[in-house]
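Trainee: Take this structure first; my questions come after.
The values are calculated or read from the model by the stated rules, or taken from the named source; none is laboratory data. Everything quoted here is computed from the prediction, not taken from an experiment. Note that each Cβ is placed from the backbone with ideal geometry, even for glycine, and that neighbours are counted across all protein chains shown. These area figures cover heavy atoms from the full protein model, side chains too; ligands, DNA and RNA do not enter into them. Shrake-Rupley method; radii C 1.70, N 1.55, O 1.52, S 1.80 Å.
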Amino acid sequence: MRDLLRVPGGEPLDLTAYDASAIPAGPADKASGLAATAALAPRLADLQERLYASSAAGDRRRLLLILQGMDTSGKGGTVKHVIGLFNPSGCRIRAFKAPTPEERNHPFLWRIMMALPQPGEIGIFDRSHYEDVLIARVRDLVPRSRLDRRYGQINHFEKSLAEDGVTVVKVFLHLSYEEQRNRLLERLDNPEKHWKFNPGDIEERSVWPAYREAYEVALERCSTDEAPWYLVPADRKWYRNWAISKLLLEHLEALDPAYPPGDFDVAECRRLLLMT
């Protein structure tokens, strides 16, 4: 899936050429998709435990999943359904909202650095530093010259993370304009979901083309060897969950973490324990 879903960096990108309801590989329907995702759970949990355990012996490696996408694309749903396959004690989850006054007093990457996973952990970002080249571009929040510098700053930052043992998995949840309307209507039709509805989302739809262009630029300029972008079709929630679970599994298998050996005499400890 890594090769199939990877966004080629440095090339012009047209998101309209990608079908948000596509099933590029894997299970063909919802029932088989749910079963396939559940089947990945034991292996994911095992690899997470090994990664966490290896940090006790000084292994600095960790994994950071970055989720970006339009509103209702499923960032929260991914956290619930995919990260729920892991042991929460080994996860560090952060949802980034509008910067606080304190955060505005620092460079834009400061709050990201404060939230990075520790060795052995799996970090999950619901939105990220990419907001500073997405909404900032659409709403002209910073001068264009400063905005253009940020792409290079992001690439440098992510390269430094990779050099420090962080496997960065960046996922763009590709949602269609029509499916977003359906999901917003579902929230309006269900009083129990009114808390999730923001009237501002209607106005945001009016600048959908500008957001699409902002994502195209970010994905084109910031899909690197150290931290490539992956485009996951997000109209089908079950497929989104399977594809991201599979991506995480492939990255964790590539890390191949191992339990550290004990630094004590096992036989002697067993003998002493049996005497108690």
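Trainee: With the checklist (1) modelled with pLDDT under 95; (2) closer than 26 Å to L65 by Cβ; (3) surrounded by fewer than 16 Cβ atoms within 10 Å (Cβ to Cβ) in hand, flag the one item D201 doesn't pass.
Mentor: (3)
Trainee: Applying the selection to region 90-110, what residues are part of a helix (DSSP H, G or I), farther than 17 Å from R146 by Cβ and free of Cβ contacts under 8 Å to residues at least 24 places away in the same chain? Walk me through how you get there before you give the answer.
Mentor: Taking region 90-110 as the starting set, the residues that turn out to be part of a helix (DSSP H, G or I) are 90, 101-104, 110.
From the residues that got through so far, the ones that are farther than 17 Å from R146 by Cβ too are 90, 101-102.
Across region 90-110, the qualifying residues are P101, E102.
Trainee: Same structure, new question: Of the residues that make up region 149-157, is at least one β-branched (V, I, T), within 20 Å of the chain's Cα centre (by Cα) and surrounded by 19 or more Cβ atoms within 10 Å (Cβ to Cβ)?
Mentor: Within region 149-157 (the criterion being β-branched (V, I, T), within 20 Å of the chain's Cα centre (by Cα) and surrounded by 19 or more Cβ atoms within 10 Å (Cβ to Cβ)), the answer is yes, since at least one residue qualifies.
Trainee: Against the condition open to solvent by 20 Å² or more (accessible area, probe 1.4 Å), modelled with pLDDT of 95 or more and in contact with a strand residue (DSSP E or B) (Cβ under 9 Å, 6 or more places away or on another chain), how does A22 come out, does it pass? Working first, answer last.
Mentor: Details: open to solvent by 20 Å² or more (accessible area, probe 1.4 Å): yes; modelled with pLDDT of 95 or more: yes; in contact with a strand residue (DSSP E or B) (Cβ under 9 Å, 6 or more places away or on another chain): yes.
So A22 passes the test.
Trainee: Would you check if there is a residue in region 42-50 being among the hydrophobic types (A, V, I, L, M, F, W, C), buried (at least 19 other Cβ atoms within 10 Å of the Cβ) and touching a strand residue (DSSP E or B) at 6+ places or on another chain (Cβ under 9 Å)?
Mentor: No.
Trainee: Looking for whichever is closer than 19 Å to P88 by Cα and touching a helix residue (DSSP H, G or I) at 6+ places or on another chain (Cβ under 7 Å) here; the options are R61, R50. Which one fits?
Mentor: Answer to the selection: R61.
Trainee: Please verify whether R137 is open to solvent by less than 40 Å² (accessible area, probe 1.4 Å) and over 16 Å from the mean Cα position of the chain (by Cα), treating the condition exactly as stated.
Mentor: Considered against the rule, which asks whether it is open to solvent by less than 40 Å² (accessible area, probe 1.4 Å) and over 16 Å from the mean Cα position of the chain (by Cα), R137 comes out as yes.
Trainee: Which of (1) open to solvent by 30 Å² or more (accessible area, probe 1.4 Å); (2) assigned to a helix (DSSP H, G or I) does Y215 not meet, given it meets every other one?
Mentor: The one condition Y215 does not meet is (1).
Trainee: Follow-up question, since we're still on this one. Do you know which residues across region 164-198 are assigned to a helix (DSSP H, G or I), surrounded by fewer than 16 Cβ atoms within 10 Å (Cβ to Cβ), in contact (Cβ under 8 Å) with a residue 12 or more places away in the chain and among the charged types (D, E, K, R)?
Mentor: R181
Trainee: Continuing with this model, one more query. Looking for whichever is open to solvent by 30 Å² or more (accessible area, probe 1.4 Å), within 17 Å of V171 (Cβ to Cβ) and either over 15 Å from the mean Cα position of the chain (by Cα) or at pLDDT below 95 (or both) here; the options are A254, A258, A267. Which one fits?
Mentor: None of the others qualify; the one that does is A254.
Trainee: Residues that are more than 30 Å from L51 (Cα to Cα), open to solvent by 10 Å² or more (accessible area, probe 1.4 Å) and not aromatic (F, W, Y): does region 227-241 have at least one?
Mentor: Yes, region 227-241 contains a residue that is more than 30 Å from L51 (Cα to Cα), open to solvent by 10 Å² or more (accessible area, probe 1.4 Å) and not aromatic (F, W, Y).
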